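Read through the structure below, which is laid out as C-alpha cells, and then see the notes.
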Amino acid sequence: MSDPAEKLPDPSQTGAPETDQAPQDQAPRDRAPGAAGPATEDRLAALEAELSQMRDRWLRSEAEMQNLRSRTQREVQDARQYAIQKFAGDVVEAAQNLRRGLEALPAPREGEPELLTKLREGFEGVERSFLGILERHGIARQDAQGQPFDPELHQAMAEQPAPEGVAPGTVLQAWTPAWTLNGRLLKPAMVVVAAGGAQKG
C-alpha cells in the first residue's frame, strides 16, 4: 500500500506562478484601527469652528429678536396711551376756557342775586364733571402755585423778588396749570417764579 503523501505534487515543480499579494485576511499594520489621520482631524476642527460660528449667530439673532419684541411692545403701549395726545391738547384748551369763564364771574358775596349764585354753582359742577372725565382718560391738571419750580412741568414767564419767608424758585403765581397725559406733559404751566430759582424761558 502506497503513502498518500507521495501523490501530492510539489509546488516547486508544477510551474505555478508565485504571487506578490498578501493574503486578504492580513490587514496592514502601519496604522492602528480607528485612528484618525491628519485630513480627518482637520475636517473635524473645521466642523467644530463652523458649529461655534453658527451658535454665535443664533445667540445674536435671539437677542435681536428679543430686543425687537420688547421695542414693539413699548411702541404698542405708547400708541395706546398717547394716541389721543392731539385730541387731549384740544380738550385741555376747552377746560382752560371754562376755568377762565368761571374766574370772570364776580366773586361770591352776601346778598348777590340768586341767579348769579346758581349760575356759578352750575359752571363749577360742569367743571368738576369735565375734569373727572379727563382724569378717567389719563388727562390730569396740576396746579403750580406755591410749588417749587419744575422745568419738566413749568415754564417761567417772569420773575419777581421773593417775598419774605418764600424760598427762591417758588412759583408765586400760575397763569395756567400744567396738564399731563398718562404722566407725559401736554401743556406746561405758565408761571411767575420767585427770583433766584429759575431762568425765564
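The values are calculated or read from the model by the stated rules, or taken from the named source; none is laboratory data. Note that the coordinates shown come from a computational prediction; the quantities given were computed from them, not determined experimentally. When we count neighbours, we look across all protein chains shown, and the Cβ atoms used for this are built from the backbone with ideal geometry, even at glycine.
A compact table of results
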read-out: Qualifying residue in segment 70-78 (condition: small (G, A, S), surrounded by 10 or more Cβ atoms within 10 Å (Cβ to Cβ) and not assigned by TED's automatic domain parsing to the domain that holds S129); value: yes
read-out: Answer from A36, A32, A22, A45 - the residue that is at pLDDT below 70 and surrounded by 10 or more Cβ atoms within 10 Å (Cβ to Cβ); value: A36
read-out: Pairs with Cβ under 8 Å, 6+ apart, first in segment 127-140 and touching a residue at least 24 places away in the same chain (Cβ under 8 Å), second outside any helix (DSSP H, G or I) and among the hydroxyl-bearing types (S, T, Y); value: I139/T180; A140/T180
read-out: Residues of segment 64-121 that turn out to be aromatic (F, W, Y) and in contact with a Lys or Arg (Cβ under 8 Å, 6 or more places away or on another chain), as a count; value: 1
read-out: A88 free of Cβ contacts under 8 Å to residues at least 60 places away in the same chain and in a helix (DSSP H, G or I); value: no
read-out: Selection count, segment 126-153, where residues are in a strand (DSSP E or B) and more than 16 Å from A189 (Cβ to Cβ); value: 0
